[in-house]
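Reviewing the structure listed below.
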Ligand code: CA
């Protein structure tokens, strides 16, 4: 029955929608009113009935089941050849963009670097409002994997964002004005937030990152209206001398043994993945790796170390544990289970099963019963050599003992980047396939022999020596050749690959699948592409001049379908490996892109010019000093500026430092002269002598690169050099 109140609300919505559709003359006020009205009704009712309004993308995975499947089909395998750019909008970001936009009645809400939030007109790209939480840039040193953000949640007229420095902020969806904000972390610890909040039953749920640096993971639920904390679920046990916070922690504590993990934090951060089943009233949380990585260093007595690398199902009303499934017991390889989780109802052996699916970093694709966590099946979706298989009776991996590397180094597949990282998967109910942005790569694991916890530092406890870049060009070429990436269509019933598209490189973007029999993916080689969902056939691609890591979404305005993606190369792989070595004319300027059939907008060709590596000053170091400088660089600098002093292009490549920067080395490196743009001062860490060793190593690499660039190597090994010897983007803005 319609009450007067609902009629009034509906009329307001209709008037507002009419205003935003341009039927009335639009003013900033009328537009704000329209956004206020259309977002006010975004609640569980609308999200759970999302298929009734396929033109919207109301929640992170479109729906609570996180399938990332759009029912829209005007853009389909037949028409996609006509797809063109409708509009683009420059985000002014030069680092990684990972957000999934939320689209409500023609307004696109998304995030950029440093947790900035944008609201854009979905028809034109025009900026409606922008919010900058002004994250202190020095906090960037705690972001293992770039100063990224994966998006907002919209609920009852508000937009929620988690900030890199640990705040949860509620904004007015109409204006971007702050309604409330709350600190979700202990600021004495190196916590970060990069994941998107989810709103479930009027609770804003948010986790955090920092597992590499030394924190104790948890998930918190806040009242949407007031920001008041409702519950907190800790993922690993704390100080054993203190009482347990919950029965879950009492259970978890029995699986940790010896060591002083609680001083370091233990890890188990839930930094990205959630899903919700409203019928079962279960909130699923993906939990991260341990700190330090190797179990011997944090729990020397052994044990499973719950709830590391687990999927935990919680009662969203009070945050209590209902069931858990641990993908990697006794986690030792940074094998997080924070990867995207998808809920679906599928027929297995003649029975309709309510399943949860995940392809965590450890390389196995899991299908579990989401009502109770029962193991159904798992098979390797990429090369795996840490376990032979998952025992179907126990649901536990059958490990290959050498992979735990009790001594020395073990080359283990998958790498710490995972067989699949955070890049969202997608599930298409018509094909029955889950699509995986897969990574094929190994990692030389070794325990740091003299590991000591250093507050605020990268406390993974791994020995960097085997990770130092090979010195010969031939060995570097072999290393790059071993890093592969592909798009896989995975049949979760048969537990096997249905088809695969091998990509030119790895660290490709997240996925969208549609009722148009399509899978959309941005690639690391700077293309946005559509593949047939049933066969993998390439149907369309378009250059976007930057690597894409984020996942696309689809929406419609006045019946016209759009596919949108935020394009900006970045993330941990990019920063550390320095890939893709300035391939072709790729740049690092972030953009929000929207495509439609017959779209005729043109992206400006990047303004690329040729610049040689400038001759650096002479810094004389002995061989031993150079080795020390190399180790210090790879301890403190390489996670942003790149291994071997090769930047992934979104953070300055130190080989190209101008003379003025060389002469001010200590002012920048120790005193923090560029702190406001994200380069913190390392005075507390690097003494003047150590700073000189790092400088000497950087100079050594620049000189080596100049020599290599003048040789025949770049022609012989273009995959190693790309265009790194000469091509640079002109007039690159200062890093933001
Ligand atoms: Ca990690």
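Computed from the coordinates by the stated procedures, all read-outs in this text should not be read as laboratory data. In this text, all values refer to a predicted model and were calculated from it rather than measured experimentally. Backbone-built Cβ (ideal geometry, glycine too); neighbour counts: all protein chains shown.
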_Using only the alpha carbons of region 410-459, what is the convex hull's orientation-averaged projected area in square nanometres?_
5.3 nm²
*With no solvent and one point per C-alpha, what does the Debye sum give as log10 I(q)/I(0) for region 137-248 at q = 0.13 Å⁻¹?*
-0.50
*Cα centroid distance between region 308-371 and region 166-230, in Å?*
23 Å
*Could you let me know the centre-to-centre spacing of region 490-540 and region 395-431, using Cα atoms, in angstrom?*
20 Å
*Arranged by the count of other C-beta atoms within 10 angstrom, fewest first, what order do 145, 725 take?*
725, 145
*asked:* Tell me the relative contact order for the chain as a rounded percent, counting alpha carbon contacts under 8 Å between residues six or more apart.
replied: 13 percent
*Determine, for each peptide in 570-577, 176-183, 636-643, the mean count of other beta carbons within 10 angstrom over its residues, then list the peptides with the highest first.*
570-577, 636-643, 176-183
*Once both labels are modelled 7 Å past Cα along the beta-carbon direction, what's the residue 74-residue 493 spacing in nm?*
3.3 nm
*Please give the length that would be gained between residue 225 and residue 27 if that part of the chain were fully extended, namely 0.36 nm times their separation in residues minus their C-alpha to C-alpha distance (nm, one decimal).*
68.5 nm
*asked:* Just to be sure I understand the curve: with the Debye formula and one point per C-alpha of region 526-645, what is log10 I(q)/I(0) at q = 0.14, 0.20, 0.21 Å⁻¹?
replied: -0.79, -1.22, -1.29
_Percent breakdown of C-alpha pair distances by 10 Å bin, ordered from the shortest bin, for region 407-537_ = 12, 34, 27, 19, 9, 1
*What is the mean projected area of the alpha carbon convex hull for region 81-129, to one decimal in square nanometres?*
4.2 nm²
*Förster-model FRET efficiency, 45 Å R0, residue 474 and residue 349, C-beta, rounded to 0.05*: 0.35
*For region 500-594, what does the equivalent ellipsoid look like in terms of its semi-axes, each the square root of 5 times an eigenvalue of the Cα gyration tensor, given largest first in whole Å?*
23, 16, 10
*asked:* Give the average over all directions of the projected area of the C-alpha convex hull of region 661-711, one decimal, in nm².
replied: 4.0 nm²
*Can you tell me how much longer the chain between residue 250 and residue 482 gets when fully stretched, taken as 0.36 nm per residue apart minus their C-alpha distance, in nm with one decimal?*
79.2 nm
_Multiplying the sequence separation of residue 49 and residue 257 by 0.36 nm and subtracting their Cα-Cα distance, what value in nm do you get?_
70.2 nm
*asked:* If I model region 379-466 as equal point scatterers sitting on the Cα atoms and use the Debye formula, what is log10 I(q)/I(0) at q = 0.11, 0.12, 0.14, 0.21 Å⁻¹?
replied: -0.45, -0.52, -0.68, -1.10
_Distance (nanometres) between label positions extended 7 Å along Cα→Cβ at residue 400 and residue 660_ = 5.3 nm
*Can you tell me the Rg and Dmax of region 629-668, counting just the alpha carbons, in angstroms?*
10.2, 25
*For the chain, what is the convex hull volume of its Cα atoms per residue in Å³?*
154 Å³
*Specify the inter-centroid distance of region 548-564 and region 445-485, based on alpha-carbon positions, in whole Å.*
39 Å
*In deg cm²/dmol and to the nearest 500, what is the mean residue ellipticity at 222 nm of the chain if only DSSP H runs of at least 4 residues count, each as -39500 (n - 2.57), divided by the residue total?*
-4500 deg cm²/dmol
